[in-house]
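Participant: Here it is, the structure, as structure tokens.
What follows is calculated from the coordinates using simple rules that are stated; it is not laboratory data. All figures in this text were calculated on a predicted structure; none of them were measured in a lab. Virtual Cβ from ideal backbone geometry, glycine too; neighbours counted across all protein chains shown.
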Amino acid sequence: MDLQNFNVNVYLTQLIFGAVDFPAKLISVLTIIFIGRRFSQAFSLVLAGLCILANIFVPQELQTLRMVFAVIGKGSLAASFNCAYIFSGELFPTVIRQTGLGLGGTMARVGSIMAPLVRLSGEFFPSLPLIIYGAAPIISGIATCLLPETHNVPLPETIDEVERHTFTVSESLVWGNMTFAELLEQVGSMGRFQIIHVTLLVLPILLMASHNILQNFTAATPGHHCHIAIVANDTCDDNFTDVLYCQELLRISIPVDGNQQPEKCLRFISAQWQLLDPNATTTNGTEMDTEPCMDGWIYDTSVFTSTIITEWDLVCGSRTLKQMAQSIYMAGVLVGAIVFGSLSDKFGRKSLLIWSCLQMAITGFCAAFSSNFTMYCVFRFLTGMALSGINLNCVSLSVEWTPTKLRAAVGMVTGYSYSIGQFILAGLAYVIPDWRWLQLAVSVPYFIFFFYGWWFTESARWLATAGKLNQALKELQKVARINGRKEEGDKLSVEDLRASLQKEMSSAKSTHTAADLVRTPSVRRISWCLCFVWFSTSFAYYGLAMDLQNFGVSIYLIQVVYGAVDIPAKLIGFFMISFIGRRVTQASALILAGLAILANIFVPQDLQILRTLLAVFGKGCLAASFNCAFLYTGELYPTVIRQTGMGFANTLARVGGIVAPLVQMTSEYLPSLPLIIYGAAPIVSGIATCFLPETRNMPLPDTIEDVERQRRSRVITDVERKDKVPLKASRLEPLKEII
């Protein structure tokens, strides 16, 4: 939300920021599949935090370097989001998956609410916002290490399964129960139904990015100065520097700042005609009596014909309202994560998804016709709520119908759809420079999503845990028919489901609440660590993504780079998750992101390329962190509280998104303070990630007891390993211990 601070074309910046998501999320998906969720989540968060912190040390004149760091950081955060959705969906059990996702979404919204507010801290210490934005994902990346790995682990159905998370498929067969994963294989595994299902689910996610970072364009601050009182007409208003006459009027009416540019918030009380004298100095002019802008402002409309800034004069004394508007939107996402997360666990994924699409379409449409700033904020708040409902339910429906070994691949597709959305936003913003029409362009498509949403198939996992076996059987038979397995589907019966899902059914009889996230030791540790991961990822991600104008480069180019970095970042994250593990990926992404953010503190402002590179790198790490976090979270929580856990994690992410724009306000006190904050957070989170269990190649826990059993099994295994005398040491053992 800070594209203009890059001093580059805001459209170009937006395009770069959107393009970086592709490589970031691709790398993230590969690491998720081949290494693990935990490593991908942690790595992307840490990397994003490092990139943000790195920009603290990059001078303002090194715009390119600052841009690079920002793009990498943004890409890392995109990867982190991508992973977080998969991870969260796999960590929480079915019975509370939506509640958990809602909680996670809520924390993400809290982060997004705080993000623009953190910018205010820059008034005290310029680098403070970057420090905060960078530190949060690093801390979260560290916290990710405390989460268990969920790679190739079946989705847990109950809280008990999360507590005994070490159960395997063979152990399940000893109990005499067919797992849902086996039922899914019987009706077609990853067949025609899953492909169509995932494709339709990613389309609403496609435009989610457009709403999350929409204010980069609708709230862009164009060049402006006080209205010149002596001008009788507005001939100089549209482009106040093209005509020599206008330049002369500016010279005698508006003082200049330290950069020899017209002051934005002051004007001379009376015209200083003597300044037209070539021998007159600017210093003498600036010592003349001045006053605030009493008659409004004149804006440069060469890039943006209209924004909410120019619509309601949100400049000078009202400039903090710009960050407040983004925080209010993120607050809505936070509330939506809490509300829709618990409601979807109670009423199902499909119905809440349909409602959320309708609410998004209506409130986004109304926001475009807001007559005042207050009305605009109200509708944006409601839009944010709907976005959480869409996000949580799309992730759950895709994860719960996907075979274990292909969840990371589906997570990659979901993550890339968000990245593509950033490109779409940059293109739309370039073509539609008016904020009202741009708001409409990204909102109206949700009417289409609402209508075809009725086709979606409700999660059979949720139906089973909710005791609706007859409907679950119908949905499974429908899937089997679409996948060309009609005969296998017809063989299924309610009795078969009851026998196969006896454990889930018995667990569903018990009531699970958010208290279950902290009731037992293992789940409590998972919840606390995921708090850091999700908050820091979202906090640093939005701290970078909403600051495109500060790079001094075209905002459209920056947006493209920010979107493009997600492709390699998520690809690397994908490989790391699949081959190394979730924990290492999560921690690495967070720590690297934090370091990249902090590095920009020491890069001069004139080194724009270096600053951009660090930002891009940090963004890429955060994208990988998100990518890993979604998968890691979903694998850590058991089925019975998975949605509750995902909701909890998303809640922290929303908190980070809320706080992120606010942190930028701290730059007025210390320019590097935001970078310090943005960079430190992911580093701390990355360290916390090390305390999470690895979930790579582990079946998803169904109950809380499963998670606890897994912890006890690890302890016993460690003790037995220590008691054994190895006959021949393997050089791979240290690496295995790390993973």
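Participant: Under a crude label model (7 Å from the Cα following the beta-carbon direction), how far is residue 347 from residue 669 in nanometres?
Facilitator: The two pseudo-label positions are separated by 4.3 nm.
Participant: Further question: Suppose each label sits 7 Å from its Cα in the direction of the beta carbon; what would the residue 454-residue 302 distance come out to in nanometres?
Facilitator: A separation of 5.2 nm, rounded to one decimal place.
Participant: So for 67, 324, fewest C-beta neighbours within 10 Å to most, what's the order?
Facilitator: By the 10 Å Cβ count, ascending, the order reads 324, 67.
Participant: If you average the C-alpha positions of region 670-711 and of region 29-58 separately, how far apart do those two centres end up, in angstrom?
Facilitator: Taking the Cα centre of region 29-58 as reference, the centre of region 670-711 is 12 Å away.
Participant: If we count every other residue with Cβ under 13 angstrom of residue 617's Cβ, Lys/Arg +1 and Asp/Glu -1, where does the sum land?
Facilitator: Net charge around residue 617: +3.
Participant: DSSP loop chymotrypsin sites (Phe, Trp or Tyr not before Pro) in region 350-428 with at most 14 other Cβ atoms within 10 Å of their Cβ, which ones?
Facilitator: On the way: sites: 355, 365, 369, 373, 376, 379, 381, 401, 416, 418, 423; in loops: 369, 401.
Sites meeting the loop and neighbour criteria: 369.
Participant: Fewest to most neighbouring Cβ within 10 Å: what's the order for 487, 263, 157, 90?
Facilitator: Ascending Cβ contact count within 10 Å gives the list 487, 263, 157, 90.
Participant: What whole-number distance in Å separates the alpha-carbon centres of region 600-658 and region 465-483?
Facilitator: Result: 35 Å between the Cα centres.
Participant: Now for a different question. Please give, to one decimal in nm, the separation of the simple spin-label points placed at residue 515 and residue 291, each 7 Å out from Cα toward the Cβ.
Facilitator: 6.4
Participant: Another question about this same structure. Using the 10 angstrom Cβ neighbour count as an exposure proxy, how do 495, 123 rank, fewest first?
Facilitator: 495, 123
Participant: Can I ask one more? Give me, ordered by chain and number, the residues 5 or more places off residue 665 or on other chains with an amide H under 5 Å from its own placed amide H.
Facilitator: For residue 665, the qualifying residues are 118, 119, 120, 121, 122.
Participant: Related question: Among 135-148, 648-661, 430-443, 685-698, what's the highest-first ranking by average C-beta atoms within 10 angstrom per residue?
Facilitator: Packing order, densest peptide first, comes out as 135-148, 648-661, 685-698, 430-443.
Participant: Rounded, prolate or oblate, given the Cα gyration tensor of region 560-673, with a/c below 1.5 counting as rounded?
Facilitator: Oblate is the answer for region 560-673, as a/c is 1.5 or above yet b/c matches or exceeds a/b.
Participant: Search the structure for amide H atoms under 5 Å from the amide H of residue 290, placed 1.01 Å from N in the peptide plane, and list their residues when 5 or more places away or on another chain.
Facilitator: So residue 290 has HN proximity to 269.
Participant: So if each residue of separation counts as 0.36 nm, and I subtract the Cα-Cα distance between residue 470 and residue 196, what length gain in nm does that give?
Facilitator: Taking residue 470 through residue 196 to full extension adds about 96.3 nm, to one decimal.
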